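**Q** The following block contains the structure, expressed as structure tokens.
Laboratory data are not the source of any read-out in this text; all were calculated from the coordinates shown. Computed from a predicted structure; not experimentally measured. In this analysis, Cβ positions are derived from the backbone assuming ideal geometry, glycine residues included, and neighbour counts consider all displayed protein chains.
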Amino acid sequence: MAHLAHYKEAHPLPFVITHWINLVAMAILIVSGLLIHFPVIASMGIARGLHIFAGIVLFINCIVRVVMSFFVKSAPTAGTRETVKDYKTWLPQKDNRHQAGAWIKYYLFMKKDHPLGAKLGVPQKLSYLLIPILIILMFISGICLWPPTAGWGFSQWCLGLVGGAMSMRVIHYFGMYVFIIFLFIHVHLATAEGMEPVKLMFLRKEHGGLVYDPEKHVIVGDDNLEPRK
């Protein structure tokens, strides 16, 4: 099956930068979180410091990314250089209509070809909408557990809501595994049709393919990315 072309407009540079920050921050949080839970000699102080720093960075980066989605434009589908405000690509689109079942079958290896349409498949949209919520909840639970902020009125209210510090610690701990599961799923969803989307996101390398008209919702040609004469 031919694939849609991958253009830089799908992932503008500001979003590439926030994606890199997310990747590094999440990796630090996971490793430092494991070291806090399963401490190694002389690692606790460093692990806690890195964990707190990375958590603050991830939270701020999440807020910045969400706010930017209302101002920075990106391509609504692969195969086009036309752009719309990015938040629209997270919401239901005509190019996703009636595709949920087909996308799920594709990602579960029950269907050879995936639907042509929006930049993000239905499962991707759902996961990307949920991950900012998870980041915010993990940040709040972290504030409730960190001694300098655990005594705040808001922290105390949250702790009372879940039944105390131990319950909050369990929530925070298992939230880490949700992050780990998400990372595996994210990598699978991003590479299911090849490495071209990854090369575009990390190396800014475009890849030729089918050209898609997001207004007419049809394939209108093929682009091999050769220079125009």
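**Q** With viscosity set to 0.890 mPa s at 25 °C, what whole-number translational diffusion coefficient in µm²/s follows for region 63-162 from Stokes-Einstein and a Kirkwood radius over Cα pairs? Provide the component values of the computation, followed by the final result.
**A** Details: Rh = 16.2 Å.
Rounded, D is 152 µm²/s.
**Q** So, one more: Label points 7 Å out from Cα along the Cβ direction at ILE219 and TRP152: separation in nm?
**A** Modelled inter-label distance: 5.2 nm.
**Q** Same structure again: Under the 0.36 nm per residue contour assumption, what length would be gained going from the current alpha-carbon distance of VAL57 and ILE181 to full extension? Display every interim value, and only then the final one.
**A** Values: separation 124, 0.36 × 124 = 44.64 nm, distance 2.08 nm.
Taking VAL57 through ILE181 to full extension adds about 42.6 nm, to one decimal.
**Q** Among VAL64, ILE30, VAL218, whose Cα projects farthest towards the positive end of the dipole of the chain, with charges put on the beta-carbon of Lys, Arg (+1) and Asp, Glu (-1)?
**A** Checking the options against the dipole of the chain, the answer is VAL64.
**Q** VAL72 versus THR18, label points 7 Å from Cα toward the beta carbon: distance in nm?
**A** Going from the VAL72 label point to the THR18 one covers 0.6 nm.
**Q** Restricting to DSSP loop positions (anything but H, G, I, E, B) with no more than 15 other Cβ atoms inside 10 Å of their own Cβ, which trypsin sites (Lys or Arg not before Pro) remain in region 68-101? It would help to have the intermediate numbers written out before the result.
**A** Details: sites: LYS73, ARG81, LYS85, LYS88, LYS94, ARG97; in loops: ARG81, ARG97.
When the trypsin sites (Lys or Arg not before Pro) of region 68-101 are filtered for loop state and at most 15 Cβ neighbours within 10 Å, ARG81, ARG97 remain.
**Q** Name the longest site-free stretch of the chain, where the excluded sites are chymotrypsin sites (Phe, Trp or Tyr not before Pro) in a DSSP loop with no more than 15 other beta-carbon atoms within 10 Å. Walk me through the intermediate numbers first.
**A** On the way: sites that count: PHE70, PHE71, PHE109, TRP152.
Result for the longest clean stretch: 153-229.
**Q** Which lysines, if any, have their Cα less than 25 Å from the Cα of LYS94, not counting same-chain residues under 8 positions apart?
**A** LYS8, LYS73, LYS85, LYS105, LYS111, LYS112, LYS119, LYS125, LYS216
**Q** Can I ask one more? Could you work out the helix-only [θ] at 222 nm for the chain, with each DSSP H run of four or more residues adding -39,500 (n - 2.57) and the total divided by the number of residues, to the nearest 500 deg cm²/dmol? Mind dumping the intermediate values first?
**A** On the way: 8 runs with 131 residues, N = 229.
Calculated at 222 nm, the ellipticity per residue is -19000 deg cm²/dmol.
**Q** Relative contact order (percent) for the chain, with alpha-carbon contacts under 8 angstrom and 6 or more residues of separation? Each step should come with its number before you reach the end.
**A** Details: 271 pairs, mean separation 58.6, N = 229.
In percent, rounded to a whole number, it is 26.
**Q** At what distance in nm do the modelled label points of PHE174 and ARG81 sit from each other, each positioned 7 Å from its Cα along Cα→Cβ?
**A** 5.0 nm
**Q** ³J(HN,Hα) across region 105-110 via Karplus (A = 6.51, B = -1.76, C = 1.60, θ = phi - 60°), whole Hz, x for Gly/Pro?
**A** Using θ = phi - 60°, the values come out as 4, 5, 5, 8, 6, 9 Hz.
**Q** If you place +1 on the Cβ of every Lys and Arg and -1 on the Cβ of every Asp and Glu, how big does the dipole about the Cα centre of the chain come out, in debye to the nearest 20?
**A** Values: 21 positive and 13 negative charges, 30 e Å.
Taking the Cα centre of the chain as origin, the dipole is about 140 debye.
**Q** Shifting gears a bit: What shape does the chain take by its C-alpha gyration tensor, where a ≥ b ≥ c are the square roots of the eigenvalues and a/c under 1.5 counts as rounded, a/b above b/c as prolate, and the rest as oblate? Before the final figure, lay out each step's value.
**A** On the way: a/c = 2.30, a/b = 2.18, b/c = 1.06.
In terms of gyration-tensor shape, prolate.
**Q** Just going by the charge dipole of the chain, with Lys and Arg at +1 and Asp and Glu at -1 on Cβ, which of THR18, ALA150, GLY101 is farthest out on the positive end?
**A** ALA150
**Q** Are there trypsin sites (Lys or Arg not before Pro) in region 139-205 that DSSP marks as loop and that have at most 15 other Cβ atoms within 10 Å, and which are they? Mind showing how you got there, number by number?
**A** On the way: sites: ARG169, LYS199, ARG204, LYS205; in loops: ARG204, LYS205.
The qualifying sites are ARG204, LYS205.
**Q** Okay, next question. Only loop residues by DSSP count here, and only those with at most 11 other Cβ atoms within 10 Å; note down the GluC sites (Glu not before Pro) in region 129-229 that meet that. Walk me through the numbers before you get to the answer.
**A** Values: sites: GLU193, GLU206, GLU215; in loops: GLU193, GLU206, GLU215.
Filter output for region 129-229: GLU215.
**Q** How much FRET efficiency would the formula 1/(1 + (r/R0)^6) give for LYS8 and ILE46, where r is the Cβ-Cβ distance and R0 is 41 Å, rounded to 0.05? Don't skip to the end; give the middle numbers.
**A** Numbers: r = 38 Å, r/R0 = 0.93.
Efficiency, from the Cβ-Cβ distance: 0.60.
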